[in-house]
Amino acid sequence: QAQLVESGGGLVQPGGSLRLSCAASRSIFTGYLMGWYRQAPGKQREFVARISSGGTTNYADSVKGRFTISRDNAKNTVNLEMNSLKLEDTAVYYCRANTALSNYWGQGTQVTVSS
């Protein structure tokens, strides 16, 4: 059964750090483009970061220099290290796995940045 399960969300103060993880079933990890997206209240879901099966990464301008995406091909996981968090990073963060023919989403994990 294909699935993505996110973990690691929570409440953090501005300037703090969090690490999100996404565990993927093997059938939707190998060869897939893995990414993180987020959706804040009242806003559309937006791209945050992605990493190819070969390790090439891309980031949204709003998180460049603060967030780092990585993947562990042995464990079928993709991680998002988030540093220097800002109030505007508050959102539900979703993991995505996709190819040209397939597209999967996780259930999301809440990240709240608040003082």
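Read-outs: derived from the displayed coordinates by stated rules, not from any lab. Here the structure is a predicted model, which is why all the values come from computation and not from measurement. For neighbour counting, all protein chains shown are included, and Cβ atoms are generated from backbone atoms with ideal geometry for every residue, glycine included.
Here are the numbers for this structure:
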{"item": "Within a Gaussian network of the chain (alpha carbon springs, distance under 10 Å), most fluctuating of T30, T99, T77", "result": "T99"}
{"item": "Pairwise centroid distance, computed over Cα atoms, of the range 87-108 with the range 1-73, Å", "result": "7"}
{"item": "Selected from Q39, L18, N58, residue furthest toward positive end of dipole (the chain; charges at beta carbon)", "result": "N58"}
{"item": "Gaussian network model of the chain, Cα within-10 Å springs - most flexible of A100, A49, A60", "result": "A100"}
{"item": "Candidates S21, S102, S62, ranked by Gaussian network fluctuation over the chain, Cα under 10 Å, top entry", "result": "S102"}
{"item": "Whole-Hz ³J(HN,Hα) from phi, Karplus 6.51 cos²θ - 1.76 cosθ + 1.60, for the range 88-93, glycine and proline x", "result": "6, 7, 4, 4, 8, 9"}
{"item": "Mean Cα-pair separation over length for the chain, i.e. relative contact order, pairs under 8 Å, 6 or more apart, %", "result": "36"}
{"item": "Point-charge dipole on Cβ atoms (K/R +1, D/E -1) for the chain, about Cα centre, debye to 20", "result": "120"}
{"item": "Cα gyration tensor shape for the chain, rounded if a/c is under 1.5, else prolate or oblate", "result": "prolate"}
{"item": "Linear extension gain, T56 paired with S102, 0.36 nm per residue minus alpha-carbon span", "result": "14.6 nm"}
{"item": "The range 1-55 - convex hull of alpha carbons, volume per residue in Å³", "result": "115"}
